[in-house]
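The values are calculated or read from the model by the stated rules, or taken from the named source; none is laboratory data. What you see is a predicted model; the values in this text were computed from it and never measured. Neighbour counts are summed over all protein chains in view; Cβ atoms, including those assigned to glycine, are modelled from backbone coordinates with ideal geometry. Note: areas computed on protein heavy atoms with side chains; ligands, DNA, RNA excluded. Shrake-Rupley method; radii C 1.70, N 1.55, O 1.52, S 1.80 Å.
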Amino acid sequence: MLVVMRNDATGEQVRAVIETIEGMGYRGVPMPGAQRTAICIIGNRGPVNDSLLLTLDGVKETITVTKPYKLVSRETQPESTIIKVDDISIGGGNIVVMAGPCAVESEEQALTIARLVKGYGAQVFRGGAFKPRTSPYSFQGLAEEGLKILDRVRQKTGLLIVTEATDINNIELVEYYADIIQIGARNMQNYSLLRRAGQSSKPILLKRGLAATIDELLMSAEYITSEGNSQVILCERGIRTFSDTTRNTLDLSAIPSIKEVSHLPIIVDPSHAAGRREFVISLSKGAIAVGADGLLVEVHHDPQHALSDGAQSLYPRQFGQLMSETNLGD
Ligand code: PEP
Ligand code: MN
């Protein structure tokens with residue numbers, strides 16, 4: 001349930017409503033908006049009796065939230081969320097480009113790619129230090145050494161860093177080094193990891209699971225926001241379908257579908273969707289055409305020798321082409 005305050009309600013009246021909600025055994029999360037403040041009631045397992053709430057000063061009305069997710073729903077917050085990381089804004093009409101290799105392989109590799117993608121206008125450098133690999137025998141990432149390399153990339157290039165936490169045991173370390181913490185497709189329903197991400201002060205990039213519905217993705221985002229972290233960026237990265245010509249099927253309709261029901265920003269990863277670099281530029285254009293708030297693109301200066309996902313990694317000059325053809329470059 002949403003308790004909508006009148007637009008002249010005072011901070012004190014908002015606090016009194018939250019205290020009353022807490023007295024009823026629930027939690028009240030204030031959602032300040034351009035027109036009015038609403039207080040979202042969470043923690044109730046059944047319908048909430050609003051009769052007491054409606055008598056409180058400053059309360060305009062109560063609205064039943066129809067979706068199973070509440071804090072991430074547009075019913076609760078009509079305005080799109082804009083996440084500020086340093087001097088960049090994600091959401092609300094800005095298009096952010098995050099680019100870099102699948103995995104950090106060495107300082108030289110990471111810096112070479114970072115300088116190239118920055119030159120073409122990327123704002124965030126991506127690169128995994130902890131890699132969730134299908135095979136236990138594949139390269140698993142450089143772990144903390146990889147994070148230290150990413151730290152030096154940030155210092156030397158000024159790019160922000162997004163990198164993945166694969167486990168409740170490494171999220172603290174990732175949180176220390178990253179500007180944005182990625183939660184990968186395989187972990188979209190790792191609820192203890194989501195709850196821990198919800199206690200972080202860093203923004204979370206939450207990728208859609210391999211076979212997850214949009215409601216499931218939004219419920220996972222709700223796990224994070226319900227712990228107090230409202231800075232969640234969603235990512236469509238392709239889902240499993242019967243179609244086997246690409247690695248996954250990029251669900252472009254997820255973008256307008258999510259924007260209709262949620263205020264969270266959503267970006268697109270065309271690389272893991274396609275699995276082949278040949279399709280990455282056209283899928284990126286499609287993503288922007290349907291309203292994505294950004295792109296997450298794999299780029300490698302020597303993809304033939306990449307330790308993971310070489311086939312889908314753009315050559316730097318192709319990344320330059322993507323940036324100029326989408327008018328996203330400097
Ligand atoms: C990645 O971004 O390199 C990655 C492993 O992505 P996903 O979780 O979408 O498979
Ligand atoms: Mn990858």
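Figures for the structure shown
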read-out	value
Length added when fully stretched, K285-F242, from 0.36 nm per residue minus Cα-Cα	13.1 nm
Probe 1.4 Å - accessible area at V4, Å² to nearest ten	10
Rounded to the nearest 10 Å², the accessible area of K118 at probe 1.4 Å	90
Karplus (6.51, -1.76, 1.60) ³J(HN,Hα), θ = phi - 60°, over the stretch 12-20, in Hz, Gly and Pro reported as x	5, 5, 4, 4, 5, 5, 4, 4, 5
Accessible area (Å², per residue) of the chain, counting only protein heavy atoms and a probe of 1.4 Å	43
Taking N as its residue count, the alpha carbon Rg of the stretch 2-63 over 2.2 N^0.38 Å	0.99
Whole-number Å³ per residue for the convex hull built on Cα positions in the chain	136
Within a Gaussian network of the chain (alpha carbon springs, distance under 10 Å), most fluctuating of Y177, Y26, Y137	Y137
Under 5 Å, built H, 5+ apart or other chain: amide partners of I233	I204, L205, L206
Residues whose placed amide H lies under 5 Å from that of V85, excluding near-sequence neighbours	I90
Net lengthening on full extension, S51/Y191 (0.36 nm per residue, minus Cα-Cα)	47.0 nm
Whole-number D in µm² s⁻¹ for the stretch 248-330, Kirkwood Cα-pair radius fed into Stokes-Einstein, 37 °C, 0.692 mPa s	250
Cα lying deepest toward the dipole's positive end in the chain, options V162, L142, L322, charges on Cβ	L322
Solvent-accessible area of R237 with every protein chain in place, 1.4 Å probe, in Å² to the nearest 10	10
Cα→Cβ-extended label distance, 7 Å offset, between T64 and Y137, nm	5.7
Computed FRET value (nearest 0.05) for E12 with N94, which takes r as the C-beta separation and R₀ as 35 Å	0.50
Accessible area of the chain belonging to carbon and sulfur atoms, whole % at 1.4 Å probe	48
Amide H within-cut-off set for V299, under 5 Å, with H built and near neighbours excluded	G100, C102, L314
Tensor-based shape of the stretch 36-84 (alpha-carbon gyration tensor, a/c under 1.5 rounded, otherwise prolate or oblate)	oblate
Cβ-based charge dipole, the chain, positive-most Cα from P30, Y176, T10	Y176
Cα centre as origin, Lys/Arg/Asp/Glu Cβ charges: the chain dipole, Debye	340
Histogram of C-alpha separations across the stretch 135-275, 5 Å bin width, %	2, 10, 19, 21, 20, 16, 9, 3, 0
